[in-house]
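Here's the structure, in structure tokens; my notes come after.
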Amino acid sequence: MFEQIQAPKADPILSLISEYKNDPRTTKIDLGIGVYRNADGITPIMQAVARAEQQLMTTETTKAYQGLIGDERFNTAIQTLLLGGTSAMARASTLQTPGASGALRNLADLLAFARPKATVWISNPSYINHRPIMQRAGLAVQEYPYLNMVTKAVDETAMLDQVAQLGPDDVLLLHGCCHNPSGADLSLDAWQRIGELAQQNGFLPFVDIAYQGLGDGLDADAHGLRLLADAVPELMISTSCSKNFGLYRERTGAAILVGNDLGQAQNGRAKMCELARGSYSMPPSHGAAIVSTILADDELNSLWRAELDSMNLRINGLRSALVDSFRTASQGESYDYFGRHKGMFSLTGLSDAKIARLKAEYGIYIVGGGRVNIAGLKLNQVETLVAAVVAVDVDVAVDVAVNV
Ligand SMILES: Cc1ncc(COP(=O)(O)O)c(C=O)c1O
């Protein structure tokens with residue numbers, strides 16, 4: 001059998017990482033990676049996490065199975081972090097999952113079970129794994145217009161025109177905040193309108209929120225989601241602790257169902273447990289134990305929030321520095337979008353030819369499609385980056401050369 005299997009093409013992000021590693025230039029800049037980096041260029045273990053781990057070392061008494069729903073303290077705490085203060089809290093049920101990726105897949109499996117003919121609508125562009133996860137669960141996928149590549153903002157008119165056409169067989173997958181890859185988020189008016197349209201036309205909203213706290217803060221980043229949760233009868237949510245707790249490799253996330261009533265949401269969760277039993281079975285415990293320890297302890301909770309705020313501050317400081325530097329270097333405002341975007345990413349729209357030139361001539365590594373990770377940057381690299389981008393961007397001959 002194995003002789004029939006060909007190795008798939010290497011993931012372009014992974015190849016970029018190894019090219020970057022092997023590049024001897026000391027001035028090289030890595031904007032391709034999808035994780036937060038601090039001012040020293042490392043992805044640190046948060047202090048609140050390290051302290052929670054120390055506590056767990058002394059209090060944990062068993063490694064016996066935890067069960068399909070995971071850690072209920074974690075489930076309640078994560079649900080509150082996202083939906084606290086909404087009426088949806090009383091009709092929501094949460095399942096611990098292996099990261100948001102696990103949640104996306106569990107929810108997709110539930111959709112495939114309950115609404116096998118559903119079409120999942122994803123934004124254009126969207127997180128690279130949205131389409132394959134939905135399709136591997138057997139669901140049809142279509143795209144709705146999202147980013148205006150000229151303004152680098154959400155084209156809400158085009159998006160809402162499409163959303164207004166959706167009906168009961170459709171699922172609308174939204175990014176809760178810090179859109180990946182574009183950095184362009186929906187306005188609160190748009191969230192409100194989506195809620196009205198879902199009520200009128202019966203499509204199911206599905207919010208993937210992987211960066212709560214990395215845009216404008218924990219509550220502000222959940223604002224749109226909360227408006228929606230209050231407005232619609234049913235809602236699916238996938239969430240991640242990879243970025244805001246820095247728990248990437250601990251695979252910590254959750255799938256939340258908001259139902260017409262609590263019983264329906266719990267039935268949905270029970271079905272997801274059954275479906276999970278047919279794949280990974282039970283979620284890993286360590287990351288969720290860390291998160292529930294932090295969120296239950298006032299001191300650790302405050303420490304975590306302060307650390308998250310400082311990550312946020314660093315990203316937003318870099319964004320401001322980029323805007324200032326681009327204004328000076330380009331004598332214009334066409335790069336101001338860096339200041340309007342939220343979270344770690346911005347989609348620059350740089351062509352493949354320009355990305356190749358940035359890598360070859362300047363040692364600047366950007367993934368195909370032009371997504372940059374602002375958190376990959378150090379403050380003292382801003383001017384170098386800006387000068388290089390402006391130099392290749394004005395040179396339209398680069399694109400022409402590749403297109404012929
Ligand atoms: C929008 C979005 N959803 C989900 C995920 C998956 O996150 P996790 O690491 O928790 O599986 C990511 C990770 O980059 C993401 O950007």
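One table, with the values for the structure above:
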| item | result |
| --- | --- |
| Residue tally, condition open to solvent by 30 Å² or more (accessible area, probe 1.4 Å) and over 19 Å from the mean Cα position of the chain (by Cα), over segment 16-40 | 13 |
| Any hit, segment 248-256, residues being at pLDDT 95 or above and more than 16 Å from the ligand (Cβ to nearest atom) | no |
| Residues of segment 315-329 classified as open to solvent by 40 Å² or more (accessible area, probe 1.4 Å) and either under 20 Å from K243 (Cα atoms) or touching a helix residue (DSSP H, G or I) at 6+ places or on another chain (Cβ under 7 Å) (or both), total | 3 |
| Criterion (within 16 Å of the ligand (Cβ to nearest atom) and farther than 22 Å from I290 by Cα) met by exactly one of A39, A108, A7, A92 | A108 |
| Residue list for segment 221-247, filter: in contact (Cβ under 8 Å) with a residue 40 or more places away in the chain, more than 16 Å from the ligand (Cβ to nearest atom) and small (G, A, S) | A229 |
| Helices (runs of 4 or more DSSP H) (entirely within segment 99-181) containing at least 1 residues that are acidic (D, E) and open to solvent by 20 Å² or more (accessible area, probe 1.4 Å) | 99-114, 156-163 |
| Search result, residues across segment 51-65 that are within 24 Å of A210 (Cα to Cα) and either assigned by TED's automatic domain parsing to the domain that holds Q266 or open to solvent by 40 Å² or more (accessible area, probe 1.4 Å) (or both) | R51, E53 |
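The values are calculated or read from the model by the stated rules, or taken from the named source; none is laboratory data. Given the structure is predicted, the values throughout are model-derived calculations rather than measurements. A quick note on method: Cβ atoms are made from the backbone with ideal geometry, for glycine too, and the neighbour counts reach across all protein chains shown. Keep in mind that these areas ignore ligands, DNA and RNA; they rest on the heavy atoms of the full protein, side chains included. Shrake-Rupley method; radii C 1.70, N 1.55, O 1.52, S 1.80 Å.
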